[in-house]
Amino acid sequence: MTAHTPGPWITDSKERTDTARYIMAAARPFPHTIARIDLVNRAEDEANAALIAAAPEMYEALRDLLAVKPNSDAPEWVAARAAIAKAEGRQ
């Protein structure tokens, strides 16, 4: 797997009226920015920020799930392996 900043990742407050939402790594002594989402379409961009912030937990959960049936050819398992490959930069 390619190295990534460990989770958890968090977003800044939705109460802020800024023009961007920041996704930050909380694992260090102080939060540092992972990504910035410009709030052009606020509802969609807020959802994108939440999805990005959840990425480390989703990645680990999917890897754990795939360990249960690593060779299954069911479409859901094939899609899960493809998602992991994409996250690891193998696609």
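Quick note: the coordinates plus some simple rules give every number you see, no bench work behind them. Everything quoted here is computed from the prediction, not taken from an experiment. Because the Cβ atoms are built from the backbone with ideal geometry, glycine has one as well, and the counts that use them run over all protein chains shown.
A crude spin-label estimate for the pair A43 and A3, with each label 7 Å from Cα along the Cβ direction, gives 4.1 nm. Only one item in [x] 46; [y] 41; [z] 66 matches percent of Cα pairs over 20 Å apart derived from the coordinates shown, and that item is [x]. Other residues with beta-carbon under 12 Å from the beta-carbon of R63 carry, at +1 per Lys or Arg and -1 per Asp or Glu, a net charge of -3.
Across the range 9-87, Cα pairs under 8 Å and at least six residues apart give a relative contact order of 23 percent. Helix 42-68 sits at what angle to the longest principal axis of the chain, using alpha carbons and giving 0 to 90 degrees rounded to 10? Once rounded, the angle reads 30 degrees.
Using Cα atoms only, what is the angle between the long axis of helix 75-87 and the major principal axis of the chain, expressed in degrees (0 to 90) to the nearest 10? Approximately 50 degrees, to the nearest 10.
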